[in-house]
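Structure first, commentary second.
Bear in mind these aren't lab numbers, they're just calculated from the coordinates by the rules spelled out. Keep in mind it's a predicted model, so treat the numbers as computed, not measured. Positions of Cβ are backbone-derived with ideal geometry, glycine not excepted, and every protein chain shown enters the neighbour counts.
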Amino acid sequence: MHAFSDLATAAYCPRKLYYRLRDGDHETPAAVERRRALAFRYPELLDSAADLAAEPIEPTPTQFRANLGRARELDAWEGLCAPARTNALLEGREARGIAHKILTEPLAVSVVSAGSPPDEGAWRPQTVRAVAAAKALSWEEGVEVGHAYVEYPAHGVVRKLGLSTRRKALYREAVTRAESIDGPPARLSDDARCDPCEYREQCGVKTRSLRSIL
């Protein structure tokens, strides 16, 4: 059975997943935990009296609160602020892992990312993790879960994702990638994903600066 985090990593880079599985590297950095913790403090952070200067947010306090204000317009806002369950371990038919929030009425899951959001929707790894969590919850409860949420709390952004055919296909591709790893997959070539990867040096991928490309 695959971990949600492994499927998200497979969606990002199969070679990175190979190194993680080889090294057993699953420790979450403290900085990531601090950012994720913001997702459980939305009402407090929205309070104009709260001092956000020491909080691990990326935009200015004004923009952060504006983003949260837009998130507050979601029908699921109350559930996101007071979920039925938090950090819940889910076990599905082929994947297991932690859903950061479980909402009811309607039943849904939310996963929390410490990173920055794309202009629309969610990045592929978070999309795959959200679909994996939704499918696992559906398997446990015996009812269909039609959508999930991805939260980027350091930006005050919440995205609602319908479990579309395309998103389910991304999940299925990640499962196939994870199942096929029996040795180091091929390296990516000059990909932006390689720059922040902690395995870049041992991987040996060659990246070029914009100056060298030009």
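A few comments on the model shown:
- Values [x] 110; [y] 141; [z] 196 are given for comparison; volume of the Cα convex hull per residue in Å³, derived from the coordinates here, is the one labelled [y].
- What the phi angles of the stretch 4-14 give under the Karplus curve with 6.51, -1.76 and 1.60, with θ = phi - 60°, is a coupling list of 3, 5, 5, 5, 5, 5, 4, 5, 7, 6, x Hz, glycine and proline written as x.
- Only Cα pairs under 8 Å and 6+ residues apart enter the sum, and on that basis the relative contact order of the stretch 2-184 stands at 29 percent.
- Using a Förster distance of 22 Å, the FRET efficiency for residue 1-residue 180 (Cβ separation, nearest 0.05): 0.85
- Candidate aspartates and glutamates for bridging to residue 135, where Cα separation is under 19 Å - those fewer than 8 sequence places away on the same chain excluded: 6, 91, 94, 105, 144, 151, 173, 179
- Low-density loop positions, trypsin sites (Lys or Arg not before Pro), the stretch 92-127 - DSSP coil, at most 12 other Cβ in 10 Å: 93
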